[in-house]
């Protein structure tokens, strides 16, 4: 049996462990942050500077890329389209998915949970052809409606899958006490359980909005020039002959800002929702 560590040796090991954890955190942060730093720096470079490997982070910045992107007008319209589609699809998905997740998690509907899992793992690209045929016959291709519906196909199962485990982890005694006081099952959910599930709902909704904002495949197939979203607009900077790297990076920087702001503003709920799901799910 090994002898316990003396207080002096324990104190010597703690700084070493803290230094090791700090180094690991810095390395992981750099791995994820360097592409964003490069994108942000490239947005202020000319196309020649972007493609020149000798030009690093020390250069004379220019706002020509941002000026050209904004003056073209398409990126501003596309950001408005993406914001509209993302907000509407997320709100409608949450209205449908949160009560459904509560019912599945509270009443142990295992078959329904399996169906939701299947909907999550089915490749969306396999549905594009039948969807396009169906929506074209209905005259919806190129409208906001078809984009909202296509995004909801992914957002509803996503929110449900996150919220099922969250609701299952909440104490059922609170709802039973509310029903003893005369509330119905849905009344107990609306007044007691739903406020407690606010962190999880915010987390799931934020993830659904980020998916909608970044979705490229649905918008490429179902949108037109009027309803074009930001991923498709970014794709237009790439042509067969050349690529406008400066404009592409400037546009990418502009469309990244709303997602970062949403994550920062919802950080409290996001962290609370993720940790609650990890500890209760």
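Structure values in brief
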quantity	calculated
Members of segment 121-139 that are surrounded by 13 or more Cβ atoms within 10 Å (Cβ to Cβ) and under 23 Å from residue 204 (Cα atoms)	122, 124
Yes/no for residue 248 being assigned to a helix (DSSP H, G or I) and in contact with a strand residue (DSSP E or B) (Cβ under 8 Å, 6 or more places away or on another chain)	yes
Matching residues in segment 230-259 - criterion: being loosely packed, with under 12 Cβ neighbours inside 10 Å and at pLDDT 80 or above	257
Test result for residue 142, out of contact with any helix residue (DSSP H, G or I) (no Cβ under 6 Å at 6 or more places or on another chain) and crowded, with 17+ Cβ neighbours inside 10 Å	yes
In segment 169-180, residue nearest to residue 114 (Cα to Cα) [restricted to those that are in contact with a helix residue (DSSP H, G or I) (Cβ under 6 Å, 6 or more places away or on another chain) and either surrounded by fewer than 17 Cβ atoms within 10 Å (Cβ to Cβ) or modelled with pLDDT of 85 or more (or both)]	169
Selection count, segment 174-227, where residues are free of Cβ contacts under 8 Å to residues at least 60 places away in the same chain and not in a helix (DSSP H, G or I)	6
Residues (assigned to a helix (DSSP H, G or I), modelled with pLDDT under 80 and either surrounded by 11 or more Cβ atoms within 10 Å (Cβ to Cβ) or assigned by TED's automatic domain parsing to the domain that holds residue 245 (or both)) located in segment 16-70	51
Residues within segment 154-167 that are under 14 Å from residue 208 (Cα atoms), over 15 Å from the mean Cα position of the chain (by Cα) and either surrounded by fewer than 21 Cβ atoms within 10 Å (Cβ to Cβ) or at pLDDT 90 or above (or both), tallied	0
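The values are calculated or read from the model by the stated rules, or taken from the named source; none is laboratory data. Just so we're clear, the structure is a prediction, and the values are computed from it rather than from any experiment. With ideal geometry, Cβ positions are generated from the backbone for all residues, glycine too; neighbour counts draw on all protein chains shown.
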